[in-house]
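Notes follow the structure.
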Amino acid sequence: MRANPASRFITLALAFAAAAPAAADDLPSYTTPGAPASGAEQAVKLTARAVTERLFKAPAGTRPDLKSADLNSLDLAELDFKAAELAGSNLYAADLTKAHLAGASLVGAVLDRATLTATDFSNADLTDARILRPTIFTSLEVATNEAPKFRGAKLVRMRSDGMFERADFSGADLTGAVLGRSAVREPAVNSPASLSSANFTRAILKEAKLPGTSLAYARFIEADLRDANLRGSNLTRADFTGADLTGADLTGANLDEADLRGAKGLDKVTGLTSATNYDRAQRDPIP
C-alpha cells in the first residue's frame with residue numbers, strides 16, 4: 001500500500017524538528033510578535049489615547065504606570081513618557097519616533113520592529129529588553145540626528161540586532177548585552193546589524209557579545225570591554241584609547257587602523273596578534 005503523502009510530510013517534519021539544535025530554541029525570532037519576559041504580569045491592551053491620558057494624568061512627582069501594558073503597533077511618536085514604568089510592556093512595532101523615554105523603566109520590555117528614530121532612552125533601564133529589527137533611519141542615508149540616544153542607560157543583557165549606526169551609548173551599562181547578528185535566530189536573513197560610528201565612550205561592555213558586527217569608526221574611549229566577544233567584528237578605525245580589553249576575544253577581527261594606544265590588558269586579549277590587519281593598528285611604541 002502506497003503511503004499517504006500527507007503522512008510522509010508530517011513524519012519528515014517531526015524528524016527535522018527533533019534533529020534541530022536545541023540552542024536555536026533559546027534565541028528569539030523576529031518573525032513573530034514578541035511577548036514580555038516570562039513571569040511578567042498579564043498584559044493590558046491600551047489605545048494610544050489611553051496611554052496619553054495616563055501620562056498626562058499622572059500626579060506630579062510620580063511615574064506613570066504602564067507596566068505589562070500591550071502597546072503593540074501604537075503610534076506613540078513624540079510622547080514624553082515622564083520616566084514611566086514600562087517593565088514587561090509589549091511595544092512590538094510601536095512608533096516611538098522622537099519619543100522621550102529618558103529615565104523610563106523598560107525592564108524585560110519587547111521593542112521588536114519598533115520605530116526608534118531619534119528616540120531618547122538616556123538613563124532608561126532596558127535590562128533584559130529586546131530590540132529586534134527596529135526601524136531607525138527614515139531613508140537609506142544614516143543621519144546622526146535620527147540615531148537613538150542611550151546615554152547612561154542600563155542595557156544589561158539587552159538583545160538587539162538593529163542598525164544603531166552613530167547611536168550614543170556613552171556611559172551606558174551593556175554588561176552581558178548581545179548586539180549584532182548573533183542576537184536573533186535568523187542571522188542570515190536580511191540582517192541589517194551595524195554599530196558603525198557608534199559612541200561607546202566610558203561605556204561598560206563587560207562580557208558583551210558582538211561577534212561579526214560592524215563597529216567601524218566606533219568610539220570605545222575608556223570603555224570597559226573585559227571579556228567581551230568581538231570575534232570577526234569589523235573594527236576598522238575604531239578608537240580604543242584608554243579602554244580595558246582584558247580577556248576580550250578579537251580572533252578574526254579587522255583592526256585596520258584601529259587606535260589601540262593607551263588600551264589596557266592587551267597582553268591578555270585572545271587572538272589579538274592573529275587578528276586581521278593587526279600590523280596596521282595604531283599601537284604604543286615598544287619601550
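Quick note: the coordinates plus some simple rules give every number you see, no bench work behind them. This is a predicted model, so every value here is computed, not measured. Here the Cβ is made from the backbone with ideal geometry for all residues, glycine too, and neighbour counts use every protein chain on show.
Can you pull the Rg over Rh of the range 44-114, Cα-only, Kirkwood? Kindly include the intermediate steps, with their values, before the conclusion.
On the way: Rg = 10.7 Å, Rh = 11.7 Å.
Using only Cα positions, Rg/Rh for the range 44-114 is 0.91.
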Worksheet entry | Residue order, fewest to most surrounding Cβ atoms within 10 angstrom, among 122, 73 | 73, 122
Discussion item. Take residue 142 and residue 53, extend 7 Å from each Cα along the Cα→Cβ direction, and tell me the distance between the two endpoints in nm.
Written reply: 4.3 nm
Item to complete: Please list the non-local residues whose amide H lies under 5 Å from the amide H of residue 178, H modeled 1.01 Å from N, same-chain partners needing a gap of 5 or more.
Response: 158, 159, 160, 209
Discussion item. Using a 10 Å cut-off around each Cβ, can you sort 68, 160, 89, 233 from fewest to most neighbouring Cβ atoms?
Written reply: 68, 160, 233, 89
Worksheet, complete the sentence: Computed on Cα atoms, the radius of gyration and Dmax of the range 44-168 in angstrom are 13.2, 42
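Net charge near residue 152, counting Lys/Arg +1 and Asp/Glu -1 over other residues with Cβ under 12 Å of its Cβ?
0
State the dimensionless ratio Rg/Rh of the range 134-287 (Rg: radius of gyration of Cα atoms; Rh: Kirkwood radius). Kindly include the intermediate steps, with their values, before the conclusion.
On the way: Rg = 14.4 Å, Rh = 15.1 Å.
My calculation of the ratio gives 0.95.
Quick check: net charge around residue 125, other residues with Cβ under 13 Å of its Cβ, Lys/Arg +1 and Asp/Glu -1? Don't jump to the answer; show the numbers that get you there.
On the way: positive: 63, 67, 154, 157; negative: 85, 128, 173.
That sum, taken over residues with Cβ under 13 Å, equals +1.
What is the diffusion coefficient of the range 106-181 in µm²/s, taking the Kirkwood radius over Cα pairs and the Stokes-Einstein relation at 37 °C with a viscosity of 0.692 mPa s? List each step's numbers first, then the result.
Details: Rh = 12.1 Å.
It comes out at roughly 272 µm²/s.
Under 15 Å from the Cβ of residue 56, count the other residues' Cβ atoms, weight Lys and Arg +1, Asp and Glu -1, and hand me the total.
Numbers: positive: 49, 54, 57, 63, 82; negative: 53, 65, 78, 80.
Net charge in that neighbourhood comes out at +1.
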